[in-house]
Amino acid sequence: MAVVGAGILGVAAAREVTTRFPDAEITVFDKAENVAAHQSGHTSGIVDSGLDQTPGSAEAKLTRRGLELLIPYMAEAGVPYRECGQLLIAQNSDEAERIEEIFARAKDNEVPGVRLLERHEIGAVEPAVRGVLGLFSPHAAIADFSALTAALASDVRAAGGEFRFGTEVTGFDTMSNEVRLRGRPVTIDDPAAGDGVAAGASGEDGRGVSATGDRGGSSATGDRGGSSASADDDRDRRDDQVHDRDDRDDQVHDRDRRDEQVHERPRTYRGEEGREPVIGIADELRDRFGQQDWFKQAESTLGEWTQKVSEAWANRDGSRLGDSGTRTGGAGSRAGGAPSGRSRSEARAEEVLGTFDIVIVCAGLQADRLAVAAGLDAEPRIVPFTSDFYRTPATDTEVVRGIIGSVPDPQAPFAETSIVRGLDDGLVLGPNTFVALGRESYDRHGFDLADITSTARSKGFWKFAAQTAKTAARGVKPMVSKTAFVDGIRRFVPELDPTAVAPGTRGVRAQAMTAEGELIDELTMTRRGRLTVVRSVPKWAASSALSIAETIVERAFENSAR
């Protein structure tokens with residue numbers, strides 16, 4: 001068996017296979033250098049308790065089953081976990097009505113201990129919080145999902161599973177009784193690896209799960225025996241690059257601190273079929289990055305970028321125009337083009353990675369592209385949304401004791417925010433969510449033209465943007481200004497010191513979207529023979545990773561000879 005993707009769901013699915021089929025030989029592929037390199041390692045750590053799931057739905061059942069499996073596992077594995085309670089706060093009558101609706105669903109979902117709090121009762125739970133009505137879930141918790149993924153990966157490795165990092169899967173040959181994987185090794189140059197996220201996923205050697213597991217190495221053709229000197233050389237070269245990248249990351253951090261002038265000019269993300277996108281790429285990029293030295297050096301190419309995006313928008317038949325465009329970010333320019341955003345000089349020739357009886361793809365941000373590579377429908381497409389989190393140092397617990405959240409608004413699905421007392425007793429604020437300029441772009445000064453183009457030519461994205469234009473316009477300022485975002489949080493917690501708030505983790509959320517602009521917030525899979533591709537997952541997927549893994553594996557093995 002093979003699993004493509006070493007995020008929390010991919011690793012959980014691999015572990016589920018080893019649990020059900022102890023004799024299975026399983027290999028997990030990922031182009032990153034460690035587990036949980038993307039979405040799984042870039043969250044606020046909230047363990048969703050199922051407050052807002054539709055009663056009786058598959059999602060509600062997955063949530064409940066997920067918690068039943070998750071909590072005992074984390075206790076046994078020693079994964080950092082703290083039950084701290086969650087309080088949703090209404091600031092006006094409209095939000096109070098929505099809280100009452102959520103309360104009714106929570107009771108139907110049998111969320112333990114959930115109750116409404118009147119204004120005078122809120123202070124007993126969170127003394128510094130202000131609001132007209134609250135909804136309190138006392139058993140809500142936070143966890144370290146990077147550490148959870150690492151623990152699951154250790155189980156896979158202990159069962160004889162193999163992890164092949166730095167390996168990008170690019171294609172699938174689906175046959176009657178097997179699936180052949182094609183791909184290539186990549187040299188990692190990933191800003192995400194320098195932001196501290198990987199620390200929670202480190203294995204015994206400090207680099208995360210071993211790229212070869214316990215099997216002593218792996219060749220490019222999938223052979224499991226023997227050792228590979230070239231693999232050791234590659235790791236040594238990557239280690240040297242990590243030191244260089246750390247130096248660059250220090251420079252980026254300094255630049256971020258100087259670059260607190262996040263632009264507040266409203267931007268419109270909407271459009272109509274048959275027209276070119278309203279968003280002007282040249283103006284957009286100039287507005288966001290015009291004062292940066294790297295941008296001034298590259299500004300002469302803006303006309304070319306705009307032309308490429310226009311051509312891509314004109315060709316909306318699903319072909320991948322623009323995927324060989326230029327990616328610019330950080331302190332200079334680098335070529336791009338591979339789905340991973342690696343430069344052409346860094347991506348090697350495609351080769352056969354191995355042939356497998358069953359293949360499961362849990363690729364998150366690249367789910368739609370790998371589905372197309374497997375000959376499956378391009379829909380639903382992935383539209384990436386950047387989620388910025390902010391942090392404060394450890395503070396008095398009377399400021400915030402647990403999790404404080406805004407009331408979800410169906411008309412503004414990305415406006416939901418929270419303030420969380422983290423496992424280190426610091427506060428985590430976020431997410432501050434906006435359309436991403438790259439599916440895997442964590443550098444606050446970077447973007448990927450191929451990914452911008454992919455979003456720009458998505459008819460579903462423009463329909464979604466048009467449907468939410470009013471709420472999007474109302475949310476423009478907080479989405480581009482840290483000060484405005486923090487001011488919004490301080491409506492709930494006036495005592496929060498805005499001067500103590502600093503940039504924290506940046507994540508990119510893989511939002512699946514239909515051609516009609518509808519957001520998909522449920523587990524969706526496509527199967528072709530012995531290949532199963534996970535197309536979308538709920539936003540609370542990390543909390544329910546173990547139950548979702550059960551469902552994925554059941555689907556993957558349906559009608560398959562064992």
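Readers should treat all values here as calculations from the given coordinates under stated rules, not as data from a laboratory. Everything numeric here is computed off the predicted structure, so don't read it as measured data. Glycine gets a Cβ as well: all are built from the backbone with ideal geometry, and neighbour counts include every protein chain shown.
Overview of values
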| quantity | calculated |
| --- | --- |
| Surrounding net charge for M1, when Lys and Arg each add one and Asp and Glu each subtract one, Cβ distance under 9 Å | -2 |
| Ranking of C84, C362 by count of other Cβ atoms within 10 Å, fewest first | C84, C362 |
| Alpha-carbon gyration tensor eigenvalues x 5, square-rooted, for segment 74-166, Å | 38, 14, 12 |
| Exposure proxy order (Cβ contacts within 10 Å, fewest to most) of E522, E25 | E522, E25 |
| Which of E162, E550, E121 has the fewest Cβ neighbours within 10 Å, and the rest in rising order | E121, E550, E162 |
